[in-house]
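First comes the structure, then the notes that go with it.
The values are calculated or read from the model by the stated rules, or taken from the named source; none is laboratory data. Small disclaimer: the values here were computed from a predicted structure and weren't measured. Note that each Cβ is placed from the backbone with ideal geometry, even for glycine, and that neighbours are counted across all protein chains shown. When the accessible area is computed, the model is the full protein with side chains, heavy atoms only, and any ligands, DNA or RNA have been set aside. Shrake-Rupley method; radii C 1.70, N 1.55, O 1.52, S 1.80 Å.
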Amino acid sequence: MGLLERLRKEWFILGIVLVIAVARLEPGVGVKGGPLKPEITITYIAVSAIFFNSGLSLKTEELTSALMHVKLHLFVQIFTLVFFPTAIWVFLQLLSITPINEWLLKGLQTVGCMPPPVSSAVILTKAVGGNEAAAIFNSAFGSFLGIVITPLLLLLFLGSSSSVPFTSIFSQLFMTVVVPLIIGQIVRRYIKDWLERKKPPFGAISSCVLLMIIYTTFCDTFANPNIDLDKFSLIIIVFIIFSIQMSFMFLTFLFSTRNNSTFTPADTVAIVFCSTHKSLTLGIPMLKIVFAGYEYLSLISVPLLIYHPAQILLGSLLVPTIKSWMVSRQKALKLTRQPKAPVKV
């Protein structure tokens, strides 16, 4: 039973491995112009479906309670969308002199440009017992910001505008991301009670569509005879990704627990997860739009595909440790705030 339960929880990661393997065996099915017609079914229908689903599932009312915690929100969004991509860019200037595959390095930069995810950071914050409302707000707000900021960051750091017109990117983003998201929110208002009662598996639906996008992305790769990915580069990238995650989690923890910080231990938990996690659900469709026509698109996507399971794995392993720290810290703060009993003479 334990194995079945584990497989049920990790089905998406297994799904990624499976669709890449299938794409390797028969790449002709999912290539541009192939039987699946990904230039229509994926570029427009699948991406729109993911964001309509996001709009339908997003509980706007849950965010209002966390709205006023401005300092926390500013910290998370500035770290995620300003510090993170800039730090990665500086780091990549050093790595550019190494023999690591240049497209994987560009992929690392795209990871830095991504907004926070709408699920993993919230799930892990909840598992620890941290400030779940703040995690929900920052994940959702970061996703909305990412629709505009992430393409700008990608264009700034990678300069893809040389081959993809700026207006074309944003018109496609608007039609396949913003419009379905707004429609999803409008539809939610009318069927809110039914959604609360039935609780459709929004996460599973988005994940299945995302697997289709990943499959067609890798079909394009394996159908291209010029692409060669060396194992050395891949192993180094995996090591770098885990190192980045650990370093940034530690950095956000130190900053949010410093002496003059006003953040509570529960706030720190939300900050650590929301600031360092990156969205695969938003990321892959955006890369598909911004880097449309790039023969190395799948290589650019590889670091993000590694980062997603890595952040869940690392976060899950750290849950007991972070929870223990938070509980002991809360107890210590409670004791220091208690008024001292008067001494009896």
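Within the stretch 113-134, the set of residues being open to solvent by less than 20 Å² (accessible area, probe 1.4 Å) and touching a Lys or Arg at 6+ places or on another chain (Cβ under 8 Å) comprises MET114, PRO115, PRO116, PRO117, VAL128. Kindly check whether there is at least one residue in the stretch 5-22 that is within 30 Å of GLY184 (Cα to Cα), modelled with pLDDT of 85 or more, in contact with a helix residue (DSSP H, G or I) (Cβ under 7 Å, 6 or more places away or on another chain) and exposed (fewer than 15 other Cβ atoms within 10 Å of the Cβ). No; the residues of the stretch 5-22 include none that is within 30 Å of GLY184 (Cα to Cα), modelled with pLDDT of 85 or more, in contact with a helix residue (DSSP H, G or I) (Cβ under 7 Å, 6 or more places away or on another chain) and exposed (fewer than 15 other Cβ atoms within 10 Å of the Cβ). Mind checking which pairs have a first residue in the stretch 174-196 that is touching a residue at least 24 places away in the same chain (Cβ under 8 Å) and a second that is outside any helix (DSSP H, G or I) and surrounded by fewer than 17 Cβ atoms within 10 Å (Cβ to Cβ), Cβ under 9 Å, 6 or more apart or different chains? Pairs that qualify, where the first residue is touching a residue at least 24 places away in the same chain (Cβ under 8 Å) and the partner is outside any helix (DSSP H, G or I) and surrounded by fewer than 17 Cβ atoms within 10 Å (Cβ to Cβ), are ARG188/LYS59.
If you filter the stretch 23-43 down to residues that are modelled with pLDDT of 85 or more, farther than 16 Å from VAL209 by Cα and of a type in the set (A, V, I, L, M, F, W, C), you find that the one that is least open to solvent (accessible area, probe 1.4 Å) is VAL29. Any residue in the stretch 270-283 that is open to solvent by less than 10 Å² (accessible area, probe 1.4 Å) and of a type in the set (Lys, Arg)? Looking through the stretch 270-283, at least one residue is open to solvent by less than 10 Å² (accessible area, probe 1.4 Å) and of a type in the set (Lys, Arg).
Within the stretch 13-47, the residues that satisfy the criterion of being of a type outside the set (Val, Ile, Thr), closer than 21 Å to THR281 by Cα and part of a helix (DSSP H, G or I) are LEU14, GLY15, LEU18, ALA21, ALA23, PRO38, GLU39, TYR44, ALA46.
Restricting SER233, SER279, SER256 to residues that are in contact with a Pro (Cβ under 6 Å, 6 or more places away or on another chain), in contact (Cβ under 8 Å) with a residue 24 or more places away in the chain and not β-branched (Val, Ile, Thr) narrows the list to SER279. Being closer than 17 Å to ILE322 by Cβ and either modelled with pLDDT under 90 or of a type outside the set (S, T, N, Q) (or both) is a description that applies to SER261.
For the residues PHE141, PHE137, the requirement of being over 23 Å from SER324 (Cα atoms), open to solvent by 40 Å² or more (accessible area, probe 1.4 Å) and touching a residue at least 12 places away in the same chain (Cβ under 8 Å) singles out PHE141.
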